[in-house]
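Participant: The structure that follows is given in the form of structure tokens.
The values are calculated or read from the model by the stated rules, or taken from the named source; none is laboratory data. Note that the structure is a prediction, hence the values are computed from the model and not measured. Positions of Cβ are backbone-derived with ideal geometry, glycine not excepted, and every protein chain shown enters the neighbour counts. Protein only, heavy atoms only, side chains kept; ligands, DNA and RNA dropped before computing areas. Shrake-Rupley method; radii C 1.70, N 1.55, O 1.52, S 1.80 Å.
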Amino acid sequence: MGKLVMGYWDCPFCGSKGVAGNIVNCPSCGRARGDVQFYMKNVAEGETREQNETGDIEYLSSEQAKAVSDNPDWYCSFCNSLNSDNAAFCSNCGASRADSESNYFDQLKKKKEREAAEAAAQQAGSSARPAPSRKIWIIAAAIVLIIIGVIVWMNGNTTSSDLRVSALNWTRRIDIEENRMFSESDWNLPAGAEQTGTRQEIHHYDSVLDHYENREVQRSRQVIDHYETYYTYSDRGNGSFEEVPHQRPVYTTEYYTETVREPVYRQVPRYATKYYYNIWRWTPSRDVTASGEDHQTAWPEYTLGENEREGQRSEAYRFTVEHTGKNNQTTTYQLDEEHWKGLNVGDPVFITSKRSGASPYLSDEKGNKIVDLTQVR
Ligand SMILES: [Zn+2]
Ligand SMILES: [Zn+2]
């Protein structure tokens, strides 16, 4: 049994505070102790104390302790006074203890249940308020609609009606390749290569287990160093509290070394035959280009040298338009030869594109597509 601590109570009738637990009638109004909850001075409900923190605890003297019963006080069924376990009759009205239906703890439990139910009811009432965020949702929806509207509008088509062809341009190019000899080496001899020699060379390394080594590793673990005492306080229901001791382990970090066995590997080179050879390859070496600003397209003429052949051919057909209304700003487009030949300098043309300028095409004045264009930047 732990040490006993003095409890206190507040008078529910006159509001007088801090009446000692061993006093049964309020010193201010003289009424018998009724519906009360005992508490300690300096220690809150549920608070714990360390062993060295009990200086302000108001322990009962051994004489006071002897006077306190081990049982909780009982409630008088007639006048609701709280009477000591030592009393067989109500100190207030004289009714018999035999008629008592509840003790201190029974009544305290009912009081706490009643308070919890009231708190829950209040909580339910406060959460029934209307949500304040409806306005925010309406604004957010409006912003989303505006963004969608702008995207749809930008994706719509527009036909420029102030364009005139100001220049034509064509380019035709032929790449010329040369057959050149390269000196190379590889692990395999390619088809058509002319071998000049072989050598044994390191192809790769293998990791091979050589031996094991012992290594010391520092490790740590938590171990119990000692136990320390702390106290909780329990209401005995009769104007006193009991100080209950508890033990709690205190840990410390213990360091130790562990020996681990680790494999050590050796890098062993693996050799293979490497082939050295000469090989002839067709390689781009030069190009010939023809260009003009009229419709007289032609491939460039050229003479092949020794070890030369024709490579890839490429061609590009472009026209530039002038925005007559827009400061004579110009834009250049590329398209296929057939449609390009239908354009002449000075012709008015219609070009339709997205409002963002993307995906332009040559069109009639109503925006009907003739052929896709690529803008040249
Ligand atoms: Zn009072
Ligand atoms: Zn009574």
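Participant: Among the GluC sites (Glu not before Pro) in the range 216-307, which ones are in a DSSP loop with at most 13 other Cβ atoms within 10 Å of the Cβ? Mind listing them?
Facilitator: The qualifying sites are Glu293, Glu301, Glu306.
Participant: A further question on this structure: I'd like the orientation of helix 104-126 relative to the chain: the angle between its Cα long axis and the longest Cα principal axis, in ° from 0 to 90, rounded to 10.
Facilitator: 30
Participant: Which value in nm describes the separation of the simple spin-label points at Ser161 and Thr232, placed 7 Å from the Cα toward the beta carbon?
Facilitator: If labels sit at Ser161 and Thr232, their model points lie 9.0 nm apart.
Participant: Right, something else. Only Cα pairs under 8 Å and at least 6 apart count here; give the relative contact order of the range 4-124 as a rounded whole percent.
Facilitator: Reported relative contact order: 19 percent.
Participant: To continue, here is another question. Nearest 10 degrees, 0 to 90: what angle lies between the long axis of helix 134-155 and the longest principal axis of the chain (Cα atoms)?
Facilitator: 10
Participant: Continuing with the same structure: Hey, what's the chain come to in accessible area per residue, 1.4 Å probe, Å²?
Facilitator: Roughly 66 Å² per residue, with all protein chains present.
Participant: Moving to a separate point now. Which shape class, rounded, prolate or oblate, goes with the range 4-124 when its Cα gyration tensor gives a ≥ b ≥ c as root eigenvalues, a/c under 1.5 marks rounded, and past that a/b bigger than b/c marks prolate?
Facilitator: oblate
Participant: OK, next. Sorted by accessible area (1.4 Å probe), largest first, how do Val376, Val43 line up?
Facilitator: Heavy-atom accessible area, descending, gives Val376, Val43.
Participant: Let me ask something else. Suppose R0 equals 51 Å; then what is the FRET efficiency for Glu194 and Glu337 from their Cβ-Cβ distance, rounded to the nearest 0.05?
Facilitator: FRET efficiency, Glu194 to Glu337: 0.70.
Participant: Moving on to the next point. If I take every Cα pair under 8 Å that is 6 or more residues apart in the chain, average their sequence separation and divide by the length, what percent do I get for the relative contact order?
Facilitator: Over the chain, the number comes to 21 percent.
Participant: Same structure again: Can you pull the percent of Cα pairs in the range 144-256 with separation above 24 Å?
Facilitator: 80
Participant: Would you mind counting up the charge near Ile57? Only other residues with Cβ under 14 Å from its Cβ, with Lys and Arg at +1 and Asp and Glu at -1.
Facilitator: Overall, the nearby charge balance is -4.
Participant: Could you check the spin-label model distance between Ala124 and Asn42? Points 7 Å from the Cα along Cα→Cβ, value in nm.
Facilitator: So the label points at Ala124 and Asn42 sit 4.4 nm apart.
Participant: Here's another thing I want to ask about it. Once the Cβ-Cβ distance between Glu306 and Trp187 is put in as r, and R0 is 30 Å, what FRET efficiency do you end up with, to the nearest 0.05?
Facilitator: 0.35
Participant: Ignoring ligands, DNA and RNA, what percent of the 1.4 Å accessible area of the chain is carbon and sulfur?
Facilitator: Result for the chain: 48 percent of the exposed heavy-atom area is carbon or sulfur.
Participant: Take peptides 81-87, 51-57, 106-112, 208-214 and line them up by average Cβ neighbours within 10 Å, highest first, as a rough protection proxy.
Facilitator: Listed from highest to lowest mean packing, they are 81-87, 106-112, 51-57, 208-214.
Participant: Could you tell me which of rounded, prolate or oblate describes the chain, using a ≥ b ≥ c as the square roots of the eigenvalues of the alpha-carbon gyration tensor, with rounded for a/c under 1.5 and, failing that, prolate when a/b is larger than b/c and oblate otherwise?
Facilitator: Taking the square roots of the gyration eigenvalues as a ≥ b ≥ c, the chain is oblate.
Participant: Further question: Per DSSP H run of n ≥ 4, the term is -39500 (n - 2.57); total these for the chain, divide by its residue number, and report the mean residue ellipticity at 222 nm rounded to 500 deg cm²/dmol.
Facilitator: One gets -5000 deg cm²/dmol as the mean residue ellipticity at 222 nm.
Participant: Express in whole angstrom the spacing between the alpha-carbon centres of the range 165-230 and the range 43-95.
Facilitator: Here the answer is 84 Å between Cα centres.
Participant: List the lysines whose alpha-carbon lies under 23 Å from that of Lys369, not counting same-chain residues fewer than 8 positions away?
Facilitator: Partners found: Lys341, Lys354.
Participant: Still on this model: Length gain on complete extension for the stretch Asp56 to Ile23, per 0.36 nm per residue less the alpha carbon to alpha carbon distance?
Facilitator: 9.7 nm
Participant: Sequence-distant or interchain residues sharing an amide H contact under 5 Å with Ile370, placed H: which?
Facilitator: So Ile370 has HN proximity to Leu362, Ser363, Asp364.
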